[in-house]
Amino acid sequence: MQPIEPAGKWLWKVLQELGIERSFRAHRALHAWSTIVGEAIAHVAQPLRLEGGTLWVAVRSNAWAQELQFQKATLLQRLNHEAGSDCFTEIRFVVRPSLREVSHAPAGEPREESVPKPQSPAYELTTEEREALQRSVATIQEPSLREVVYRAREASLRYEKWRLYTGWRRCEQCGEWHSESSRRCFLCREGERRRG
């Protein structure tokens, strides 16, 4: 009888097979942005989009863009350390004076947010969504692997619902998530502006 592998190992194998391990690691690291860069920087700089290995970061002013340019190597090192892989190869800073204020709680303290927590009823899956998830993993023979894949897909769907609930939308042009009020993300608008 083969020894049972921990579920975490199965999860990474599944993510590799789906071709999304690198993306998962990168987005997991970005979720810890304020911890990685520190509270002061997190108030004036926010990640916008990850394109290949290039992270686009909105900053509040030219002065901050210049300051962070000097810290780029350190930021890349910290991001890749958090990701557990060299997911980030470049950081590009974009000045956005209207960058919305983000409230970050000190490390170790919970944030007071009006947005429901991920386990909130606002993110509960419908019966139809749960049935669709069950069907999507039904062909996986190994019960423990099937459960891991189900939970990963469930978490992904909850995260998508959270994004929708908190005002994120998909860019009409490229399909990436963004938190701006426009129908297209900054990079698509910027690309069109440069071409035109």
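Points to keep in mind about this one:
- Karplus (6.51, -1.76, 1.60) ³J(HN,Hα), θ = phi - 60°, over the range 80-90, in Hz, Gly and Pro reported as x: 5, 5, 5, 6, x, 6, 7, 6, 10, 10, 8
- The range 123-175: GluC sites (Glu not before Pro) in DSSP coil with no more than 13 other Cβ atoms inside 10 Å: GLU124, GLU172
- Each residue of the range 143-160 is assigned a 3J(HN,Hα), and the resulting list reads x, 5, 5, 4, 5, 5, 5, 4, 5, 5, 5, 5, 4, 5, 5, 4, 5, 5 Hz, derived from the Karplus form 6.51 cos²θ - 1.76 cosθ + 1.60 (θ = phi - 60°), x at Gly and Pro.
- Computed from backbone phi, the HN-Hα couplings of the range 167-174 come to x, 6, 8, 8, 5, 5, 8, 9 Hz, rounded to whole numbers (Karplus: 6.51 cos²θ - 1.76 cosθ + 1.60, θ = phi - 60°; Gly and Pro given as x).
Computed from the coordinates by the stated procedures, all read-outs in this text should not be read as laboratory data. Not measured: the values here are computed from a predicted model. Positions of Cβ are backbone-derived with ideal geometry, glycine not excepted, and every protein chain shown enters the neighbour counts.
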